[in-house]
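The values are calculated or read from the model by the stated rules, or taken from the named source; none is laboratory data. Computed from a prediction, not measured in an experiment: that's the story for all the values here. FYI the Cβ positions are ideal-geometry reconstructions off the backbone, even for glycines, and counts take in every protein chain you see. Only protein heavy atoms, including side chains, enter the accessible area calculation; ligands, DNA and RNA are left aside. Shrake-Rupley method; radii C 1.70, N 1.55, O 1.52, S 1.80 Å.
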Amino acid sequence: MKATATAHPNIALVKYWGKRDIALNLPAAGSLSVTLAGLSTTTEVCFEPHLAEDVVSLDGHQLSDERARRRVVEFLDLVRRAADVETYARVVTYNDFPTAAGLASSASGFAALAVAASSAAGLDWSPQRLSALARRGSGSAARSLFGGFVEMRPGTKPDGSDAHAKPVAPPDHWDLRCLIALTTRGEKKVGSTEGMGRTQQTSPLFQPWIETVDDDLRQTRLAIDKRDFSALGRIAERSCLRMHATAIGADPGVLYWNATTVSLIHRIRRARGDGLPCFFTIDAGPHVKVFCPAEVTDDVVDLLSDIDGVRDILTARPGPAPTLGAA
Ligand code: DP6
């Protein structure tokens, strides 16, 4: 009744921002992402008969945030119910990158937890079914069940069984790099669940945003298929800016950016105008992720390092699906 899994975060090129069902965590529209090698979460789950409750630790410390602990416990309840297991579990998780700073730690976190907990409980589920399970923890986690370029399907069934991700292209399809410019340390103030909830309830820009997503998905699939970098960049920046626009239009507005985020946007666009192939995307935090073809990585790193307020740069590339086994 013990298993360990390693999963990778993913960065969306076509963003997920809104839900069609809160209880089952069903997305209001599809999304499309790249799973990233170079960053990982490793989670060990052990169902132990003597435990009086679930014990969860992250990066060597017992989870102190009660909301975060509840989220894990409720997720374990889903696995227990499916596997007919009644014992509590010990969950030990390590991230090798900053947690909860807008770096998709919930994506790799719930993907690793889905794989480790289901295996420890004796469930032998397909990646597709595990993707729908991971979605219950965090919508973006459903995409981390696959490697490379991955599309999330919103599904139409009320029970959410068809709301899972599917692979679009393997990691070696396209030798891209994703450079993550960290613009602050510490945790973000408005989590993505809260930010998208407020957007959906109060932003007049929410519905128009949802109506743009299918077109972005179609065009992104084509750009990936043809390895058309400039088309991919155009759609990804547009999806990111529209997602943030709908959030900024909430009441009160949800603004994830700081001054360095904005400097980076301008600098990347200027560099592209000067002939350097690169584009940005930003999630529910102030950091900026910059995609480029592998051969210009050093030039992009130099560019980002020169910007005031960039504290660190992480390098990632299209990476694999989760793995089960010893870390
Ligand atoms: C901006 O997957 O964290 O990163 O389903 O409520 O847990 P919940 O939300 P989450 O949202 C991710 C939002 C995003 C865009 C994306 O990854 O598609």
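Key figures
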quantity: Surrounding net charge for Pro158, when Lys and Arg each add one and Asp and Glu each subtract one, Cβ distance under 12 Å; calculated: -1
quantity: Ordering of 177-184, 273-280, 212-219 by burial proxy (mean other Cβ atoms within 10 Å per residue, highest first); calculated: 177-184, 212-219, 273-280
quantity: Degrees between helix 105-120 axis and first principal axis of the chain (Cα, 0 to 90, nearest 10); calculated: 30
quantity: Amide H partners (placed H, <5 Å) of Phe279, local residues excluded; calculated: Phe291
quantity: Fluctuation leader among Thr42, Thr156, Thr297 - the chain, Gaussian network, Cα springs under 10 angstrom; calculated: Thr156
quantity: Estimated FRET transfer efficiency (Glu66, Thr87; beta-carbon r; R0 30 Å; 0.05); calculated: 0.85
quantity: Lys, Arg +1 and Asp, Glu -1 on Cβ, resulting dipole of the range 176-318 about Cα centre, debye, nearest 20; calculated: 80
quantity: Mean Cβ neighbour count within 10 Å, used as a protection proxy, ranking 83-89, 4-10 highest first; calculated: 4-10, 83-89
quantity: Amide proton proximity set for Val55, modelled H, under 5 Å, gap of 5+; calculated: Ala89, Arg90, Val91
quantity: Under 19 Å from the Cα of Lys226 - aspartates and glutamates, other chains or at least 8 residues apart; calculated: Glu151, Asp172, Asp175, Asp214, Asp215, Asp216, Glu237, Glu295
quantity: In Hz, Karplus ³J(HN,Hα) per residue of the range 78-89 (6.51, -1.76, 1.60; θ = phi - 60°; x = Gly, Pro); calculated: 4, 5, 4, 4, 5, 9, 6, 10, 10, 7, 7, 10
quantity: For Leu26, residues with placed amide H under 5 Å, excluding near neighbours; calculated: Arg20, Asp21
quantity: Folded to 0 to 90 degrees: helix 259-273 orientation relative to the chain principal axis, Cα; calculated: 60
quantity: Theoretical gain in end-to-end length, Asp215 to Ile307 [0.36 nm per residue, Cα-Cα removed]; calculated: 29.7 nm
quantity: Summed residue charge, Cβ within 14 Å of Asp172's Cβ, Lys/Arg positive, Asp/Glu negative; calculated: +2
quantity: Heavy-atom surface of the chain, accessible at 1.4 Å and reported per residue (Å²); calculated: 43
quantity: Cα-Cα pairs of the chain separated by more than 32 Å (percent); calculated: 24
quantity: FRET efficiency, Ser263 to Val73 (Cβ-Cβ, R0 30 Å, nearest 0.05); calculated: 0.15
quantity: Acute angle (nearest 10 degrees) that the helix 127-137 long axis makes with the longest principal axis of the chain, alpha-carbon atoms; calculated: 90
quantity: Whole-Hz ³J(HN,Hα) from phi, Karplus 6.51 cos²θ - 1.76 cosθ + 1.60, for the range 244-255, glycine and proline x; calculated: 5, 4, 5, 5, 4, x, 6, 10, x, x, 9, 10
quantity: GNM top mover of Val79, Val115, Val45 - the chain, alpha-carbon springs below 10 Å; calculated: Val79
quantity: Size of electric dipole in the chain: Cβ of Lys, Arg +1 and of Asp, Glu -1, about Cα centre, debye, nearest 20; calculated: 580
quantity: Estimated 222 nm signal from helices in the chain, with DSSP H stretches of n ≥ 4 weighted -39500 (n - 2.57), rounded to 500; calculated: -12000 deg cm²/dmol
quantity: The chain - percent of accessible surface contributed by carbon and sulfur, probe 1.4 Å; calculated: 50
quantity: Selection from Pro167, Trp125, Pro9, by position along the positive dipole direction of the range 2-173 (Cβ); calculated: Pro167
quantity: Choice from Gly147, Gly197, Gly30 showing the highest fluctuation, given a GNM over the chain with Cα pairs closer than 10 Å; calculated: Gly197
quantity: DSSP bridge orientation in the chain - percent antiparallel, rounded to nearest 5; calculated: 90
quantity: Surrounding net charge for Asn25, when Lys and Arg each add one and Asp and Glu each subtract one, Cβ distance under 10 Å; calculated: +3
